[in-house]
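> Got a structure for you, questions after.
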Amino acid sequence: MITVAIVFEIVSVWKAKSQSFDLHYIGKDVFIHVTVSSTQPIFADGTKVTIHAFGSIGTRSVRSAFDNVGVLYANIADVCVLFSGAYQVVGDQVILDPNPEPRAGACLLITNTRPSESYNLTDWMQFGPGAFLSANDQTIQWSSPIESVPSILIKYWGFLMIDGVLRNSISEDYPSKSVLVESHSALDLAKTEMKGFVLAAIGSIFTLVLYLAPAITKLRQQKRRKIN
């Protein structure tokens, strides 16, 4: 049982980092569920992370007077979930953003097909009439230690009068859902600590085996004597 517990602790320590949350753009009928995941134990600058997102969108994202889902297809180009201080990664290439405040994330297509992922039905049903936002993955990379703020961006094919202003896009930030991005040195330290723990655990297992081996051998000899 001790050996099993040690092995379980090793697996727990090496667990990859993942964080999920919901974003609601109430005024525009947008709901997006986002999962940020990494193969590393923490989110750190200079390391790649995957953004997985899906959701739903209502017709108020165009104009409150419309209730026809066709308006969404006609006017909205993209619905994206973006993170501040991040760059998009395509293959192994980091796409640098010249803006002073870069943002990167996953853009979703409007569709009538419900995503296969599970979701909170109460949150989903409060939006509409409208359509679904297809599930999509995108790799991003943060450029420095930062508290990365997620946002929802709606991009239009042309300019529309929205909330009394002529716009071709509209967005909302969610600072309460911020993701903490550690420095690369913090990641190196975390890896070093994990390696130290694993080596210590392996040493404990080896010591335990050496300690129990004579007792196991003696027990087997006693059983053989009884059989004979």
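> Please give the residues of region 27-43, grouped as numeric ranges, whose backbone N is less than 15 Å from a label point set 7 Å along the Cα-to-Cβ vector of S18.
Hits in region 27-43 for S18 at 15 Å: 34-43.
> Quick one: which of 88-99, 139-150 comes out on top by average Cβ neighbours within 10 Å, and what's the full order, highest first? List each step's numbers first, then the result.
Working: 88-99: 11.2, 139-150: 18.6.
The packing order, highest mean first, is 139-150, 88-99.
> Another question, if that's okay. How much length is gained if the chain between V71 and D92 is pulled fully straight, taking 0.36 nm per residue apart and subtracting their Cα-Cα distance, in nm to one decimal? Walk me through the numbers on the way to the answer.
Working: separation 21, 0.36 × 21 = 7.56 nm, distance 3.71 nm.
Value of the extension gain: 3.9 nm.
> Using +1 at the C-beta of Lys and Arg and -1 at the C-beta of Asp and Glu, which of G130, C107, L96 has the Cα lying farthest in the positive direction of the dipole of region 17-182?
Result: G130, furthest along the dipole toward the positive end.
> If the convex hull of the alpha-carbon atoms of region 17-182 is projected onto planes in all directions, what is the mean projected area in square nanometres?
The number I arrive at for region 17-182 is 9.9 nm².
> In what sequence, highest mean first, do 48-58, 30-40, 167-177, 69-79 appear when ranked by Cβ atoms within 10 angstrom? Could you put the intermediate results ahead of the total?
Numbers: 48-58: 22.5, 30-40: 19.6, 167-177: 14.2, 69-79: 16.2.
The packing order, highest mean first, is 48-58, 30-40, 69-79, 167-177.
All of the numbers you see were taken from the coordinates with simple rules; none came from a lab. Only a predicted model underlies this, so the values are computations on that prediction, with no experimental measurement involved. In this analysis, Cβ positions are derived from the backbone assuming ideal geometry, glycine residues included, and neighbour counts consider all displayed protein chains.
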